[in-house]
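The structure appears right after this line, and notes come after that.
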Amino acid sequence: MAGTSNGGDAKSATAARIYDYYLGGTHNFPADREAAEAMLRVFPGVPELARTNRAFLRRAVRYLAASGVRQFLDIGSGIPTEGNVHEIVQQVAPGARVVYVDIDPVAVAESLELLEGNELATAIMGDLLEPQAILSHPQVKELLDFDQPIGLLLAAVLHFVPDDEAAYEAVGQLRAALAPGSYVVASHATADNVDHDQDDLDVAHDTYRQKTATPLGLRSRSQFERFFTGLELVEPGLVWLPLWRPAPDDPQHFIDAPERSSGLAAVGRAL
Ligand SMILES: C[S@@+](CC[C@H](N)C(=O)[O-])C[C@H]1O[C@@H](n2cnc3c(N)ncnc32)[C@H](O)[C@@H]1O
């Protein structure tokens, strides 16, 4: 598959396994831990950001399920961790269907292992930059009905697609396939907020560019907002991660200074 050279072949660390390390998971290798530690030296708050992002994803998915969405396409789904999408939505609606898509073979293999016996959820290899291959994948077509609303989940993945034109085009093609009443959920890392030291940002960019196949591309608030053009933003709109419908039982990182999360979030509804 073109563009899916993220299997640890050419480069040894992957974004999925580095993120797994931030979250305290066990599906990572020495190269992932080394890359993660390089990030932690300059941005020690990344694990809190990862947990804050997961909490946003859980809240957004719960909101969609409560709003009647029964199908989910989760692209850049990552390695399974606490509070996976199918667990949350199938608690609300046992018949809900979920397809996880990731460029990382470890993420897909671990997801498939977890999903064994669950006929309503699966995981496939796929590249966000190849939306038509995802949309026409036999398992996507088998589990998801594109005539009915779908929750398209793009949590913490768009900043691994630094090419603006390619990213907007890919999301545009995915959105075009969605029926009215569908939702787009996305979160994105940004450097908009605070006085980050440029040297620290350079270390972050260098780490992903040199050690993984998915370079980092932070976006500003307005660049992130463009992914939602033409969608109706669900209240409270595009906000810092911790501020999207906060829940008392979620981690309270960054609650006093949400901009320090460096993460933006929004949920848009297709009309
Ligand atoms: C930071 S993790 C986010 C995981 C999960 N969505 C979450 O928010 O907790 C980013 C994931 O995106 C995946 N990814 C990066 N580029 C991708 C691409 N072009 N297509 C599909 N997945 C991609 C990585 O392999 C990784 O699993």
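When you look at ASP164, is it under 23 Å from VAL239 (Cβ atoms), at pLDDT 95 or above, touching a Leu at 6+ places or on another chain (Cβ under 6 Å) and among the acidic types (Asp, Glu), yes or no? I'd like the intermediate steps shown before the answer.
Values: under 23 Å from VAL239 (Cβ atoms): yes; at pLDDT 95 or above: yes; touching a Leu at 6+ places or on another chain (Cβ under 6 Å): no; among the acidic types (Asp, Glu): yes.
So ASP164 fails the test.
Pairs, please: C-beta under 8 Å, at least 6 apart or cross-chain, first residue under 15 Å from SER67 (Cα atoms) and in segment 77-101, second modelled with pLDDT under 95 and not polar (S, T, N, Q)?
none
If you go through segment 199-211 one residue at a time, do you hit one that is out of contact with any Pro (no Cβ under 8 Å at 6 or more places or on another chain), within 10 Å of the ligand (Cβ to nearest atom), over 17 Å from ASN53 (Cβ atoms) and among the hydrophobic types (A, V, I, L, M, F, W, C)?
Step one: filter segment 199-211 for residues out of contact with any Pro (no Cβ under 8 Å at 6 or more places or on another chain), giving 199-204, 206-207, 210-211.
If we keep only those that are within 10 Å of the ligand (Cβ to nearest atom) as well, we get none.
Checking segment 199-211: not a single residue is out of contact with any Pro (no Cβ under 8 Å at 6 or more places or on another chain), within 10 Å of the ligand (Cβ to nearest atom), over 17 Å from ASN53 (Cβ atoms) and among the hydrophobic types (A, V, I, L, M, F, W, C).
Does segment 131-138 contain any residue that is without any contact (Cβ under 8 Å) to a residue 60 or more places away in the chain, under 16 Å from the mean Cα position of the chain (by Cα), within 14 Å of the ligand (Cβ to nearest atom) and crowded, with 19+ Cβ neighbours inside 10 Å?
If we filter segment 131-138 for residues that are without any contact (Cβ under 8 Å) to a residue 60 or more places away in the chain, which is where we start, we get 131-132, 135-138.
Remaining after also requiring under 16 Å from the mean Cα position of the chain (by Cα): 131.
Filter once more, keeping what is within 14 Å of the ligand (Cβ to nearest atom): 131.
Within this subset, residues satisfying the condition of being crowded, with 19+ Cβ neighbours inside 10 Å are 131.
Yes - at least one qualifying residue is present in segment 131-138.
Given (1) among the hydrophobic types (A, V, I, L, M, F, W, C); (2) surrounded by fewer than 20 Cβ atoms within 10 Å (Cβ to Cβ); (3) more than 15 Å from the ligand (Cβ to nearest atom); (4) within 21 Å of GLY76 (Cβ to Cβ), where does TRP240 come up short, assuming only one miss?
Against the list (1) among the hydrophobic types (A, V, I, L, M, F, W, C); (2) surrounded by fewer than 20 Cβ atoms within 10 Å (Cβ to Cβ); (3) more than 15 Å from the ligand (Cβ to nearest atom); (4) within 21 Å of GLY76 (Cβ to Cβ), TRP240 comes up short only on (2).
Any idea which residue in segment 87-131 is farthest from ALA213 (Cα to Cα), counting only those that are polar (S, T, N, Q) and in contact with a strand residue (DSSP E or B) (Cβ under 8 Å, 6 or more places away or on another chain)? Talk me through it step by step, then tell me what you get.
Narrowing segment 87-131 to residues polar (S, T, N, Q): 90-91, 111, 118, 122.
If we keep only those that are in contact with a strand residue (DSSP E or B) (Cβ under 8 Å, 6 or more places away or on another chain) as well, we get 90, 111, 122.
Details: GLN90: 33, SER111: 21, THR122: 24 Å.
Among those residues, the one meeting the criterion is GLN90.
Give me the pairs: first residue in segment 186-213 and of a type in the set (Lys, Arg), second residue part of a helix (DSSP H, G or I) and within 13 Å of the ligand (Cβ to nearest atom), beta-carbon distance under 7 Å, and six or more apart or on different chains, which are they?
LYS211/ALA35
Can you name the condition, by its number, that GLY24 falls short on among (1) under 25 Å from ARG260 (Cα atoms); (2) part of a loop (DSSP other than H, G, I, E, B); (3) within 12 Å of the ligand (Cβ to nearest atom); (4) modelled with pLDDT of 95 or more?
(3)
The values are calculated or read from the model by the stated rules, or taken from the named source; none is laboratory data. Computed from a prediction, not measured in an experiment: that's the story for all the values here. Backbone-built Cβ (ideal geometry, glycine too); neighbour counts: all protein chains shown.
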